[in-house]
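Notes follow the structure.
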Amino acid sequence: MSTTPDPEVLLPMLRRKLVILSGSDAGRSFSLQVRNYRLGTDPACDIVLNDRTVSRQHLSLEVREDRVLARDLGSRNGSFCERMRFRELELRMGAIVRLGATELKVVPTEVREHIIPLSSDTWFGGLVGGSRRMREVFTLLQRLAAGDADVLIQGETGTGKELCAAGIHAASPRSRGPFSIVDVAGITPSLVESELFGHVKGAFTGAHSERPGAFEQADGGTVFLDEVGELPLEFQPRLLRVLEGRQVKRVGANEYRTVNVRVVAATHRDLEADVKAGRFREDLFHRLAVLRVTLPPLRERPEDIPLLVDTMLERLGRPPSALSEQTRALLEQYPWPGNVRELRNVVQRVVNLGEQALPEMSASERARFTSVELEMPFKEAKERLIDGFERDYLKNLLERCGGNISRASREAGLARLYVRKLLKKYGLHASKDSE
Ligand SMILES: Nc1ncnc2c1ncn2[C@@H]1O[C@H](COP(=O)(O)OP(=O)(O)OP(=O)(O)O)[C@@H](O)[C@H]1O
């Protein structure tokens, strides 16, 4: 019997490329073959980078048919993946690796990477943020604010959707016109129609006089429709008409009026799911979603927290020293389900009431902040904190992966060797360690 595999059942080999996301070489990409590559500033490297914070021989990439292994070559500034320094790592597709000021990732060749250049600003309107995610958002906002197209802003509660809309208006050619806010979720359904489109005298009980709606009031400016996903289905065709023809008809009136408005809408809901479930009209969704901005939750960009905290203190008229290093470290660890709004409220409370106003953390999070740690030198306390995080992370990872190291290392994007080392460090045991 032949041992040669049937070519029909061989998986097509995955073609990959390396994409440089930031640093002096941002925008360059290299297709990868099955072989080893050396990355660094040395002209003898296979992939030569121009970033002076990258070492001459910084990283090697061992590209195999089924995986890519990255190894730091003893670089001066280290190699990082998801904020963790590594020596050796099995690279998950799309995981961002940082060498000095250069960020890169490996993606399938078929994926056309849409690289958004990072804004050099760390703010847009009232929004601040220095993370890659927010600087991408700022680039997008700067570009679209200059135009006149309608915009849909998506993001969890407290991620700054309203600030974002106000920033778009302020940076747009309409900035001298009115900015009118309609909180769709906050209006009783029976009044939504008249709030948006206005009414004529006697249109309904209580309509004592004629009144323009939000679109007419914002003529020459911008209407911000907050929580547009809450708009009752029956009124959605009327909103579509405004978006398509800038035409509004007051409740009880016969004729349409033309308005000159830009519509910026926001939602914390998954509107695509709402469309599938029949709660939101598909045509309206497509019309709204031509230009979409997604504000990432704060837990996905904790590196923004120090800048946010400093900005909040400044807005409160307080110096950066108003919060201790320990409090700041704690704020950086908290998952912030209420996003930046919750962070702002906590900073305000802590400044006024002291550290007892810090949010409640889960038992494991709190365990890392025993009073002993709060009295330790900062560096030591921080190390303890990281140890706590690694231990919790690994325990959870192993549980998820049924104690299988291979799966765990794949899921975490860490080399098996490194996972084993960490398990040993924390006295944890895997039930299955293939190899
Ligand atoms: N990136 C940011 N920079 C500075 N402040 C921010 C940022 N994001 C949010 N905030 C603050 O958080 C508060 C909430 O922001 P905003 O009301 O814009 O959020 P939202 O997404 O519209 O929330 P919701 O969905 O609950 O209406 C604001 O008062 C603002 O001070």
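Annotations for the structure displayed:
Quick grid of which residues meet (1) touching a Lys or Arg at 6+ places or on another chain (Cβ under 9 Å); (2) under 17 Å from GLU303 (Cα atoms); (3) aromatic (Phe, Trp, Tyr):
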{"site": "SER321", "(1), (2), (3)": "no, no, no"}
{"site": "SER324", "(1), (2), (3)": "no, no, no"}
{"site": "GLU332", "(1), (2), (3)": "no, yes, no"}
{"site": "PRO335", "(1), (2), (3)": "yes, yes, no"}
{"site": "GLU342", "(1), (2), (3)": "no, yes, no"}
{"site": "ASN345", "(1), (2), (3)": "no, no, no"}
{"site": "VAL351", "(1), (2), (3)": "yes, no, no"}
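- Filtered by the rule that a residue be within 14 Å of the ligand (Cβ to nearest atom) and in a loop (DSSP other than H, G, I, E, B), the stretch 129-157 gives GLY129, GLY130, SER131, GLY155, GLU156, THR157.
This table checks each residue for (1) of a type outside the set (Gly, Ala, Ser); (2) closer than 25 Å to TRP123 by Cα; (3) in contact (Cβ under 8 Å) with a residue 40 or more places away in the chain.
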| site | (1), (2), (3) |
| --- | --- |
| ALA277 | no, no, no |
| HIS286 | yes, no, no |
| LEU298 | yes, yes, yes |
| VAL351 | yes, yes, no |
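- Qualifying position, being crowded, with 17+ Cβ neighbours inside 10 Å and within 16 Å of the ligand (Cβ to nearest atom), among GLY160, GLY126: GLY160
- Filter result (near the ligand (Cβ under 9 Å from one of its atoms) and in contact with a helix residue (DSSP H, G or I) (Cβ under 8 Å, 6 or more places away or on another chain)) within the stretch 326-341: GLY338, ASN339, VAL340
- Residues that are over 22 Å from GLU282 (Cβ atoms) and buried (at least 20 other Cβ atoms within 10 Å of the Cβ) within the stretch 224-258 comprise PHE224, VAL248, ARG250, listed in sequence order.
- Some residue of the stretch 193-216 being part of a strand (DSSP E or B), within 29 Å of the chain's Cα centre (by Cα) and either at positive phi or outside the structural domain of PRO335 (by the TED database) (or both): no
- For the stretch 284-325, the candidate set comprises residues that are away from the ligand (no atom under 15 Å from the Cβ) and among the hydroxyl-bearing types (Ser, Thr, Tyr); within that set, the residue that is most open to solvent (accessible area, probe 1.4 Å) is SER321.
- For the stretch 78-116, a tally of residues being more than 20 Å from ASP46 (Cα to Cα), part of a loop (DSSP other than H, G, I, E, B) and at pLDDT 90 or above returns 0.
- Residue in the stretch 94-101 that is without any contact (Cβ under 8 Å) to a residue 60 or more places away in the chain and in contact with a Leu (Cβ under 9 Å, 6 or more places away or on another chain) present: yes
The values are calculated or read from the model by the stated rules, or taken from the named source; none is laboratory data. Note that the coordinates shown come from a computational prediction; the quantities given were computed from them, not determined experimentally. With ideal geometry, Cβ positions are generated from the backbone for all residues, glycine too; neighbour counts draw on all protein chains shown. The area values use the complete protein model at the heavy-atom level, side chains included, leaving out ligands, DNA and RNA. Shrake-Rupley method; radii C 1.70, N 1.55, O 1.52, S 1.80 Å.
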